[in-house]
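Novice: Please find one structure pasted underneath; my questions will follow.
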Ligand code: AMP
């Protein structure tokens, strides 16, 4: 596995690979890799000649009071697991490499639609930071396919929208949430949790699963199921940011059942903000 730090070098290399007829799969990450990330790498490995993984803790997507400076960084371990998974190129630029002092563009998607809800409300500017870096990575890696996790459901919808709106010539692949045996969605931020918090965090997925069961098996209203879920989670966490039943495409909160629904949640356990979701119809 070759490590590349220079954006221009990656772009030149990708052009050469494309010219020689190779397909490229890109897996963008912020590192502190776990099985969730590695499931994306494995899919990319299966479906492409060349796999590029990026590790970059993107300052643009963190708010001023968020965890940018203490976000887990595990360079040696990450490098080893990517090499074990036969990644061809690890792109690991610095912020200076990607955003020089003259940088001043932002790519913004769905301000009035996909962004003005859920995580977009509690993390102003977050998704602009995500789409800006992802657009840059797409231009640099020139991938045929890029891999994202359903774990960040709103993010994956926004990126799909960006690709469609801006005619990026690649396919977005969204893969299922990888969970610990307990049901807790894997996240680099789970490292912040102590044992007691980890135990309390289990209420999140348990509640989502039970809500899904009730929606499928009973005639209860969405409002009733949602209110029940909110009470369950609120009893165990420091703060429930949101728990909603939304439309798969638009992320708009639903009042009545429809074909493709997603139950989405964000909650603070201790200081740690955790997100999770379940889809009511599989991909
Ligand atoms: P991050 O490093 O948190 O920015 O995540 C990089 C990619 O991995 C994103 O597309 C995430 O949605 C995905 N990802 C993170 N956690 C999981 C998980 N538990 N299961 C599946 N994909 C995940």
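Nothing in this text is a laboratory measurement; each read-out follows from the coordinates by a stated rule. Remember, predicted model here, so these are calculated numbers, not experimental data. All Cβ positions, even for glycine, are placed from backbone atoms using ideal geometry, and neighbour counts span all protein chains on display.
Novice: Would you confirm, using the coordinates I've provided, whether residue 170 is on the phi < 0 side of the Ramachandran plot, over 10 Å from the mean Cα position of the chain (by Cα) and surrounded by 18 or more Cβ atoms within 10 Å (Cβ to Cβ)? Walk me through it before giving the result.
Specialist: Numbers: on the phi < 0 side of the Ramachandran plot: yes; over 10 Å from the mean Cα position of the chain (by Cα): yes; surrounded by 18 or more Cβ atoms within 10 Å (Cβ to Cβ): no.
No, not satisfied.
Novice: Looking at residue 189 and the list (1) within 11 Å of the ligand (Cβ to nearest atom); (2) part of a helix (DSSP H, G or I); (3) buried (at least 19 other Cβ atoms within 10 Å of the Cβ), which single condition is not satisfied?
Specialist: (3)
Novice: Restricting to segment 165-177, name every residue that is away from the ligand (no atom under 13 Å from the Cβ) and touching a strand residue (DSSP E or B) at 6+ places or on another chain (Cβ under 9 Å). Reasoning before the result, please.
Specialist: First, pick out the residues of segment 165-177 that are away from the ligand (no atom under 13 Å from the Cβ): 165-171.
If the condition is that a residue be away from the ligand (no atom under 13 Å from the Cβ) and touching a strand residue (DSSP E or B) at 6+ places or on another chain (Cβ under 9 Å), then 168, 170, 171 are the ones that fit.
Novice: Something else: Mind counting the residues in segment 149-159 that are part of a strand (DSSP E or B) and more than 6 Å from the ligand (Cβ to nearest atom)? Write out each step before concluding.
Specialist: As a first pass, look at segment 149-159 and keep what is part of a strand (DSSP E or B): 149.
If we keep only those that are more than 6 Å from the ligand (Cβ to nearest atom) as well, we get none.
Looking only at that region, the number is 0.
Conditions tested, residue by residue: (1) more than 26 Å from residue 64 (Cβ to Cβ); (2) out of contact with any strand residue (DSSP E or B) (no Cβ under 8 Å at 6 or more places or on another chain); (3) away from the ligand (no atom under 14 Å from the Cβ); (4) assigned to a helix (DSSP H, G or I).
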{"position": "124", "(1), (2), (3), (4)": "no, yes, yes, no"}
{"position": "133", "(1), (2), (3), (4)": "no, no, no, yes"}
{"position": "143", "(1), (2), (3), (4)": "yes, no, no, no"}
{"position": "147", "(1), (2), (3), (4)": "yes, no, no, no"}
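Novice: Does segment 69-82 hold any residues that are farther than 17 Å from residue 28 by Cα and not in a helix (DSSP H, G or I), and which are they?
Specialist: Listed by number, the residues that qualify are 69, 70.
Novice: Find the residue count for segment 103-119, including only residues that are closer than 29 Å to residue 245 by Cβ and either in contact with a helix residue (DSSP H, G or I) (Cβ under 8 Å, 6 or more places away or on another chain) or surrounded by 11 or more Cβ atoms within 10 Å (Cβ to Cβ) (or both). Let's see the steps before the verdict.
Specialist: Step one: of segment 103-119, the residues closer than 29 Å to residue 245 by Cβ are 108-119.
Subsequent filtering for residues that are either in contact with a helix residue (DSSP H, G or I) (Cβ under 8 Å, 6 or more places away or on another chain) or surrounded by 11 or more Cβ atoms within 10 Å (Cβ to Cβ) (or both) retains 108-111, 113-119.
Residues that pass the stated criteria total 11.
Novice: Within segment 178-192, identify whether any single residue is closer than 25 Å to residue 136 by Cα, touching a strand residue (DSSP E or B) at 6+ places or on another chain (Cβ under 8 Å) and touching a residue at least 40 places away in the same chain (Cβ under 8 Å), and answer yes or no.
Specialist: Just the residues of segment 178-192 that are closer than 25 Å to residue 136 by Cα, to begin with: 187-189.
Checking the rest, the ones that are also touching a strand residue (DSSP E or B) at 6+ places or on another chain (Cβ under 8 Å) come to 187, 189.
Restricting the remaining residues to those that are touching a residue at least 40 places away in the same chain (Cβ under 8 Å) gives 187, 189.
Looking for residues that are closer than 25 Å to residue 136 by Cα, touching a strand residue (DSSP E or B) at 6+ places or on another chain (Cβ under 8 Å) and touching a residue at least 40 places away in the same chain (Cβ under 8 Å), one finds at least one in segment 178-192, hence yes.
Novice: Right, another one. Would it be correct to say that residue 232 is in contact with a helix residue (DSSP H, G or I) (Cβ under 6 Å, 6 or more places away or on another chain) and farther than 24 Å from residue 156 by Cβ?
Specialist: On the way: in contact with a helix residue (DSSP H, G or I) (Cβ under 6 Å, 6 or more places away or on another chain): yes; farther than 24 Å from residue 156 by Cβ: yes.
Yes; evaluated as a whole, the condition is true for this residue.
Novice: Sticking with this one: Given the options 111, 117, 77, 96, name the one that is away from the ligand (no atom under 13 Å from the Cβ) and over 30 Å from residue 268 (Cα atoms).
Specialist: Working: 111 fails: over 30 Å from residue 268 (Cα atoms); 117 fails: over 30 Å from residue 268 (Cα atoms); 77 fails: over 30 Å from residue 268 (Cα atoms).
Selected residue: 96, the only one of 111, 117, 77, 96 that is away from the ligand (no atom under 13 Å from the Cβ) and over 30 Å from residue 268 (Cα atoms).
Novice: For segment 27-59: of the residues being assigned to a loop (DSSP other than H, G, I, E, B) and closer than 22 Å to residue 11 by Cβ, which is farthest from the ligand (Cβ to nearest atom)? Write out each step before concluding.
Specialist: Kept after step one, since they are assigned to a loop (DSSP other than H, G, I, E, B), are these residues of segment 27-59: 30-34, 48-49, 56-58.
Now narrow it down to the ones that are closer than 22 Å to residue 11 by Cβ: 30-31, 48-49, 56-58.
Numbers: 30: 4, 31: 6, 48: 16, 49: 21, 56: 9, 57: 8, 58: 8 Å.
Checking each candidate, the answer is 49.
Condition check ((1) farther than 20 Å from residue 273 by Cβ; (2) part of a strand (DSSP E or B); (3) touching a residue at least 24 places away in the same chain (Cβ under 8 Å)) across all residues:
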residue: 205; (1), (2), (3): no, no, yes
residue: 209; (1), (2), (3): yes, no, yes
residue: 216; (1), (2), (3): yes, no, yes
residue: 220; (1), (2), (3): yes, no, no
residue: 225; (1), (2), (3): yes, no, no
residue: 232; (1), (2), (3): no, no, yes
residue: 242; (1), (2), (3): no, yes, yes
residue: 246; (1), (2), (3): no, yes, yes
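Novice: Take segment 17-33 and flag every residue that is over 19 Å from residue 45 (Cα atoms) and more than 25 Å from the chain's Cα centre (by Cα).
Specialist: Once the filter is applied, which keeps residues that are over 19 Å from residue 45 (Cα atoms) and more than 25 Å from the chain's Cα centre (by Cα), segment 17-33 yields only 19.
Novice: Which pairs have Cβ atoms under 7 Å, sit 6 or more apart or on different chains, and link a residue in segment 151-163 that is touching a residue at least 12 places away in the same chain (Cβ under 8 Å) and more than 22 Å from residue 273 (Cα to Cα) to one that is in a helix (DSSP H, G or I) and away from the ligand (no atom under 12 Å from the Cβ)?
Specialist: Correct list of pairs: 162/131; 162/135.
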